[in-house]
Amino acid sequence: MAMTSVSIIGAGPAGSYSAYLLARAGFDVSVFEEHPIVGEPWACTGVITEDVLSRQLKLPEELVVNRIEKARIISPDNNFIEVKLKNDVVIDRAVFDQHVAEMAKNEGAKYYVNHRFVEICGNGESDGKVTAKIRNKNLNQLKGVESDWLIGADGPRSEVARSAGIFGNRKFYVGSQVTAKMENDNLIRFYPSENGIAWTVPENSRIVRAGIAANKNASGYFDEFMTQAVGKDYKQRIIARQAGPIPVYSPKAQTQKGRILLAGDAATMVKATTLGGINQSLMAATAVAEAIATGKDYSKLWKKKLGRDLWLSLMMRKAMNRFSDNDYNKLVKIFGSSKNKRMLEEFDRDEPRKFAFKLLLQEPRLLLLSRRLLF
């Protein structure tokens, strides 16, 4: 009896971790990656809590670029709070993706780099098979790939979602980041403002990843922030650039059509508060594998695992989008109290449901601020 076949488009965390879990479970897995090297190019701060990541897979030490113990949140009026972090690490994102891909290969998954998804020819509703057209960029040849399941893990602008007719009305932040030479004290710095989100993340004492995410005037915001945080000569300090769209989570996003599933950024599974999505991609992969192995409803599976936290992060982001710079000044002052700062240090960023309501009860001023901005 032939093994159930799965074609996965995209070799990022969602695609490769799905490949690993499915191949380990005995499925015939093929992964198609449009770039010649897995993990490149990348656009990510690479900050993740090691404890959170370890729930899905063990992080090899060679992937860790830096370990961070503190973060500073700086208001527009330059007041700040400093919080301790719990096992936060900065990873080499390209090597991380390559590591997860090697895990999948070791379980028997087949990888095809420089292979670009073009379109879906059949969605499996009639004959139980999904046919995708894939272009071999090495030979400039187009071929049809037939499989029992097709997984779209091909990023925010997912061509799989478009071809399947489930892309929907998506919204994006523009993310712009550079790796730059900059002396630093090994603190992550966040700069919330009415313009968007900005940050500097140290790779070591002399190099940082600095960038912004905005939904308007991203270029002007980036230039203003880099001049302020890195220096007027920031352009001469740049070592590398990383940029790309960041999806805004949509609770209404359709993530399945017949035997076609979407996971990770391709399904808008990104925390709206911090715009991070590595852990969410890994969790989505576990839902992909469970749905294919058991026949359970994929949407219900992933929503049970991370839907509530994604929704709550979105509600928090919608409130924050209405904040003025003065509101952010007030917010930083509110969190300057020892009890509020302690809660920030203790909560799990990937599970806001565990702290959000407790924090609102503890600090009534947050409730008043949120209500004024939401209603």
Turns out the strands (runs of 3 or more DSSP E) fully within segment 41-120 with at least 3 residues that are closer than 16 Å to G10 by Cα and at pLDDT 95 or above are 110-113
Given (1) in the same structural domain as G128 (by TED's automatic domain parsing); (2) closer than 23 Å to I81 by Cβ; (3) not small (G, A, S), index of the condition D148 fails: (2)
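For (1) out of contact with any Pro (no Cβ under 9 Å at 6 or more places or on another chain); (2) farther than 30 Å from R317 by Cβ; (3) buried (at least 17 other Cβ atoms within 10 Å of the Cβ); (4) free of Cβ contacts under 8 Å to residues at least 60 places away in the same chain, each residue gets a yes or a no:
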{"site": "C121", "(1), (2), (3), (4)": "yes, yes, no, yes"}
{"site": "E159", "(1), (2), (3), (4)": "yes, no, yes, no"}
{"site": "V174", "(1), (2), (3), (4)": "no, no, yes, no"}
{"site": "E183", "(1), (2), (3), (4)": "yes, yes, no, yes"}
Scan segment 196-203 and tell me whether some residue there is within 27 Å of V113 (Cβ to Cβ) and outside the structural domain of A291 (by TED's automatic domain parsing). yes
Filter segment 63-112 for residues that are among the small types (G, A, S), within 25 Å of A240 (Cα to Cα) and in contact (Cβ under 8 Å) with a residue 60 or more places away in the chain; which is surrounded by the most Cβ atoms within 10 Å (Cβ to Cβ)? A101
Sort through K330, K271, K252 and tell me the only one that's free of Cβ contacts under 8 Å to residues at least 40 places away in the same chain and either surrounded by fewer than 21 Cβ atoms within 10 Å (Cβ to Cβ) or charged (D, E, K, R) (or both). K330
Would you point out which residue out of T179, T200 is out of contact with any helix residue (DSSP H, G or I) (no Cβ under 9 Å at 6 or more places or on another chain), more than 18 Å from K133 (Cβ to Cβ) and outside any loop (DSSP other than H, G, I, E, B)? T179
Under 6 Å by Cβ, and 6 or more places apart or on different chains, what pairs join a residue from segment 22-49 that is over 21 Å from Q280 (Cα atoms) with one that is buried (at least 17 other Cβ atoms within 10 Å of the Cβ) and among the small types (G, A, S)? D28/S5; V29/A19; V29/A23; V29/A109; S30/S7
If we take segment 205-320, then helices (runs of 4 or more DSSP H) inside it with 3 or more residues that are out of contact with any helix residue (DSSP H, G or I) (no Cβ under 7 Å at 6 or more places or on another chain) are 218-229, 234-237, 308-320
Checking R157 against (1) in contact with a helix residue (DSSP H, G or I) (Cβ under 7 Å, 6 or more places away or on another chain); (2) within 14 Å of A243 (Cβ to Cβ); (3) assigned by TED's automatic domain parsing to the domain that holds G277, only one condition comes out false. Which one? (1)
What residue, among those in segment 285-313 that are touching a Ser or Thr at 6+ places or on another chain (Cβ under 8 Å) and in contact (Cβ under 8 Å) with a residue 40 or more places away in the chain, is nearest to P156 (Cα to Cα)? A285
Looking at segment 280-302, is at least one residue at pLDDT below 85 and closer than 28 Å to I212 by Cβ? no
Filter segment 214-228 down to residues that are among the hydrophobic types (A, V, I, L, M, F, W, C) and either over 24 Å from the mean Cα position of the chain (by Cα) or at pLDDT below 95 (or both), then give me how many there are. 2
Output the number of the condition that K341 fails; it satisfies all remaining conditions of (1) in a helix (DSSP H, G or I); (2) basic (K, R); (3) modelled with pLDDT of 85 or more. (3)
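The values are calculated or read from the model by the stated rules, or taken from the named source; none is laboratory data. Note that the coordinates shown come from a computational prediction; the quantities given were computed from them, not determined experimentally. As a convention, Cβ positions derive from the backbone with ideal geometry for all residues, glycine included, and neighbour counts pool all protein chains shown.
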